[in-house]
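The values are calculated or read from the model by the stated rules, or taken from the named source; none is laboratory data. Treat the numbers as computed from the prediction; the structure is a model and nothing was measured. Note: ideal-geometry Cβ built from the backbone for every residue, glycine included; neighbour counts use all protein chains shown.
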Amino acid sequence: MLRSARLLLPIALSALLPAGALAQFGTSPARPPAAPPPAPVITALDDIRFLSADALAGRMTGSAGADTAAAYLARRFQEVGLQPAAGGWFQTFTVAKQAPVAQHAHVGGLMGKNVIGLLPGHDPIRRNETVIVGAHYDHLGLGGFGSLDPDSTGKVHNGADDNASGSAMLIQIAQHLAQSRPARTVLFIAFSGEELGLLGSAYYVKHPIYPLTSTIAMVNLDMVGRLRDRRLIVYGARTAKEFPALLDSLNWHFGFDLKARGDGYGPSDQSSFYAAGRPVLHVFTDLHEDYHRTTDDWQKIDTAGFRKVADFTTGVVTALANRPSRLTPVDVTPPPPPSTASNNTPQGYGAYLGTIPDMSDNPGGVRLLGVRAGSPAEVAGLRGDDIITRIGDMEIPDLQAMTDALRSHQPGDSVQIVIRRGTTSTTVTARLGTRGG
Ligand SMILES: [Zn+2]
């Protein structure tokens, strides 16, 4: 596309050629140089079109297309007034060869890049605290792994809603906040490796730019371009005591059909931060028939809806970055299993333990990022950083073995779980529950 080609080549041709080299193209007499045209206004839809163009080949972590996307996002961050953090725009990580996903997606050893832009706070004290706004920019590349289209291997999965939309919204929010800097420092992070198991956000949490203890909240934008019937979902709404009132009061102006619900664990990057004890929100315009298929294209983005969600989320981030006091984190017990499960968990999936696996590593067992509040795992005494090596009479070398072990049990079974915690090995007993929460 022409627009994309122009964005890829911001340097004028003449700047790349030796002086006089263009003379051969012109026969007319020399004219005074014209004033340069005003810089074109780049809209959010331009950003979405660029990121989801076929040329970027679906932005698979570690691919050339993902690198082009990362470079583009860094340039856009700079244009709207952000500064590089951590000595540059990129925080790089290597996909562990033993990561559960590495063998399926053939990405072991590849390098992912988080793009991080900084907006320093103006308040002399509160600028030492940060609010993180995040969105993953990686997608499924040429299908195969992660695709819901069975015969789409080799076809570009453009991922316009998932998650060029969230990446573009990061830029919009940054642009707005940069024009009137809030009290606290705001970090904008475009994560890679999300589709492979939250790899980029897990890496950030282990290597934060600012201490996580001074990170007061993380707001995640994942799939925000398909607003329908004014229905806006905000997960994690109970992970800080102050969130429900804040969301409600903002929504009084916007009039969304707001579904504010859930604990902080969900299938996106906010989980990494919630496991680290931070209040989180995930803004989401819900699943649709193009989710993880080759048809998730920019033409289907609802630009008016996108604008409303961007304005609403800008309000949320501004309020968080300016509020006088910090938030009160809440460790949320998930609700009982809903009667109409929205996550298509197949029946007979097995018993429920409530662990959140760390997908970025395989230390000879399943390392836990955390456990859900009130879950059988928590009741049994499991916690983040524990490594599960055995469930009942089954060895647990990896996540697949753990899934198999839980499938082989029934809700209500009591099982002995062997874990490694630091240098010691411990056995706990868990009474398994019903999956679906
Ligand atoms: Zn996805």
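Going by the structure shown, is residue 157 touching a Ser or Thr at 6+ places or on another chain (Cβ under 8 Å), within 15 Å of the ligand (Cβ to nearest atom) and either free of Cβ contacts under 8 Å to residues at least 60 places away in the same chain or more than 20 Å from residue 186 (Cα to Cα) (or both)? Steps first, answer last, please.
On the way: touching a Ser or Thr at 6+ places or on another chain (Cβ under 8 Å): yes; within 15 Å of the ligand (Cβ to nearest atom): yes; either free of Cβ contacts under 8 Å to residues at least 60 places away in the same chain or more than 20 Å from residue 186 (Cα to Cα) (or both): yes.
Taking the combined requirement at face value, the residue satisfies it.
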Practice item. Inspect the range 171-181 for any residue being touching a strand residue (DSSP E or B) at 6+ places or on another chain (Cβ under 8 Å), farther than 24 Å from residue 266 by Cβ and small (Gly, Ala, Ser) and give the result as yes or no. Key: yes
Practice item. From (1) buried (at least 19 other Cβ atoms within 10 Å of the Cβ); (2) assigned to a helix (DSSP H, G or I), pick out the condition that doesn't hold for residue 195. Key: (2)
Point to revise | In the range 118-132, residue farthest from the ligand (Cβ to nearest atom) [restricted to those that are under 24 Å from residue 267 (Cα atoms) and not hydroxyl-bearing (Ser, Thr, Tyr)] | key: 131
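Right, residue 121: at positive phi and surrounded by 18 or more Cβ atoms within 10 Å (Cβ to Cβ) or not?
Working: at positive phi: no; surrounded by 18 or more Cβ atoms within 10 Å (Cβ to Cβ): yes.
So residue 121 fails the test.
Would you check if residue 342 is within 16 Å of the ligand (Cβ to nearest atom) and either at pLDDT 95 or above or not charged (D, E, K, R) (or both)? Working first, answer last.
Numbers: within 16 Å of the ligand (Cβ to nearest atom): yes; either at pLDDT 95 or above or not charged (D, E, K, R) (or both): yes.
When the stated conditions are applied, residue 342 passes them.
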Point to revise | Residue in the range 219-240 that is surrounded by the fewest Cβ atoms within 10 Å (Cβ to Cβ), counting only those that are in contact with a strand residue (DSSP E or B) (Cβ under 8 Å, 6 or more places away or on another chain) and among the charged types (D, E, K, R) | key: 229
Exercise for review: Mind telling me which of the residues 360, 425, 408, 414 ends up being small (Gly, Ala, Ser) and within 21 Å of residue 271 (Cβ to Cβ)?
Suggested key: 360
Check your understanding: Which residue pairs have Cβ atoms under 7 Å apart, sit 6 or more places apart or on different chains, and have a first residue in the range 162-183 that is more than 25 Å from residue 147 (Cβ to Cβ) and within 16 Å of the ligand (Cβ to nearest atom) and a second that is at pLDDT below 95 and not polar (S, T, N, Q)?
Key -> none
Revision key, fill the gap. Of those in the range 152-178 that are under 20 Å from residue 121 (Cα atoms) and not aliphatic (A, V, I, L, M), the residue surrounded by the fewest Cβ atoms within 10 Å (Cβ to Cβ) is 176
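Report yes if residue 68 is within 17 Å of the chain's Cα centre (by Cα), at pLDDT 95 or above and among the hydroxyl-bearing types (Ser, Thr, Tyr), otherwise no.
Values: within 17 Å of the chain's Cα centre (by Cα): no; at pLDDT 95 or above: yes; among the hydroxyl-bearing types (Ser, Thr, Tyr): yes.
Criteria not met by residue 68.
Okay, residues lined up against (1) under 19 Å from residue 363 (Cα atoms); (2) without any contact (Cβ under 8 Å) to a residue 40 or more places away in the chain; (3) among the polar types (S, T, N, Q):
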| site | (1), (2), (3) |
| --- | --- |
| 90 | no, yes, no |
| 100 | yes, no, no |
| 109 | yes, yes, no |
| 115 | no, no, no |
| 119 | no, no, no |
| 127 | no, no, no |
Exercise for review: List every residue pair whose Cβ atoms lie under 6 Å apart, where the two residues are 6 or more positions apart in sequence or sit on different chains, the first residue falls within the range 211-236 and is modelled with pLDDT under 95, and the second residue, located anywhere, is of a type in the set (D, E, K, R).
Suggested key: none
Practice item. From the list 303, 314, pick out the single residue that is under 30 Å from residue 123 (Cβ atoms) and among the β-branched types (Val, Ile, Thr). Key: 314
Study note, to complete from the structure: Flagged in the range 266-295 as hydroxyl-bearing (Ser, Thr, Tyr) and over 17 Å from residue 200 (Cβ atoms), in numbering order, are 285, 291, 294, 295
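Taking residue 176 as the residue in question, decide whether it is more than 26 Å from residue 360 (Cβ to Cβ) and modelled with pLDDT of 95 or more.
Working: more than 26 Å from residue 360 (Cβ to Cβ): yes; modelled with pLDDT of 95 or more: yes.
For residue 176, the condition - more than 26 Å from residue 360 (Cβ to Cβ) and modelled with pLDDT of 95 or more - is met.
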Exercise for review: Look at the range 381-428 and say how many of its residues are assigned to a strand (DSSP E or B), in contact (Cβ under 8 Å) with a residue 12 or more places away in the chain, of a type in the set (S, T, N, Q) and surrounded by fewer than 17 Cβ atoms within 10 Å (Cβ to Cβ).
Suggested key: 3
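So which of 96, 105 is at pLDDT below 95 and surrounded by fewer than 20 Cβ atoms within 10 Å (Cβ to Cβ)?
Working: 105 fails: surrounded by fewer than 20 Cβ atoms within 10 Å (Cβ to Cβ).
It is 96.
Would you confirm whether any residue within the range 133-149 is aliphatic (A, V, I, L, M), under 18 Å from residue 316 (Cβ atoms) and either away from the ligand (no atom under 16 Å from the Cβ) or modelled with pLDDT of 95 or more (or both)?
In the first step, residues of the range 133-149 are kept if they are aliphatic (A, V, I, L, M); the result is 133, 135, 140, 142, 148.
Okay, now just the ones that are also under 18 Å from residue 316 (Cβ atoms), so 133, 135.
Okay, now just the ones that are also either away from the ligand (no atom under 16 Å from the Cβ) or modelled with pLDDT of 95 or more (or both), so 133, 135.
Scanning the range 133-149, I find at least one residue that is aliphatic (A, V, I, L, M), under 18 Å from residue 316 (Cβ atoms) and either away from the ligand (no atom under 16 Å from the Cβ) or modelled with pLDDT of 95 or more (or both), so the answer is yes.
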Review point. Just to be sure, is residue 112 surrounded by 20 or more Cβ atoms within 10 Å (Cβ to Cβ), small (Gly, Ala, Ser), away from the ligand (no atom under 16 Å from the Cβ) and in a strand (DSSP E or B)?
Key: no
**Study point:** Of all residues making up the range 401-437, the number that are closer than 27 Å to residue 101 by Cβ and either of a type outside the set (Ser, Thr, Tyr) or touching a Cys at 6+ places or on another chain (Cβ under 9 Å) (or both)
**Key:** 20
